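Chemist: Take this structure, written in structure tokens, and hold onto it; I'll ask about it next.
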Amino acid sequence: MRTWKMVAVGVGAAMVAAAAPQQQDTTAKPAAAPQAAAAPASAVTVEIVIGKNVADRMPTDTASAFPADVGSLVCWTKVTGAAGQKITHTWTHGPHTDVITLSVGGSPWRTYSRRTIDPSWTGEWTVTVKDEAGNVIGTKTFTVGS
């Protein structure tokens, strides 16, 4: 089988193209080395802590149970692998739900949200942390009141 190859020949200021027949190379050639697969994007991970406040970028007075008159709590998170994205903290207690969106500026990145806790909202609470795509990357459960 013949294939055609275009050859450019310079003549003065003008270029003239000439067609020259070329034989197809049928000799066996070693297979090209397989390309390394692209490394998968690092998974988003999160560390979640519930506390009464944040000082020096760290949670304070942390626990898994708080008195009914606590006033407010913070959900502190350390996020890895989500630089430049947004995450959400969804605070849930019975019918009460509050969604807070937070920006992640680097990796790892520490951030937090604060929720006022009504003294009558006793019982189990949950904070669910989701990545920008809506995937749950962490959950923390705690108790308010007896």
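Chemist: Straight distance only, please: which aspartates and glutamates reach the Cα of LYS52 with their own Cα at less than 12 Å, same-chain residues fewer than 8 apart left out?
Modeler: Straight-distance partners of LYS52: ASP61, ASP69.
Chemist: OK, next. Going from most exposed to least, what order do THR126, THR97 have by accessible area with a 1.4 Å probe? If you can, show how the numbers build up before the last one.
Modeler: Details: THR126 35, THR97 85 Å².
Largest accessible area first, the list is THR97, THR126.
Chemist: Does the stretch 57-138 come out rounded, prolate or oblate, given a ≥ b ≥ c as the square roots of the eigenvalues of its C-alpha gyration tensor, rounded meaning a/c under 1.5 and, failing that, prolate meaning a/b above b/c? List each step's numbers first, then the result.
Modeler: Values: a/c = 2.64, a/b = 1.68, b/c = 1.57.
Prolate, since a/c reaches 1.5 and a/b exceeds b/c.
The values are calculated or read from the model by the stated rules, or taken from the named source; none is laboratory data. Note that the coordinates shown come from a computational prediction; the quantities given were computed from them, not determined experimentally. In case anyone asks, the SASA skips ligands and DNA or RNA and just uses the protein heavy atoms, side chains included. Shrake-Rupley method; radii C 1.70, N 1.55, O 1.52, S 1.80 Å.
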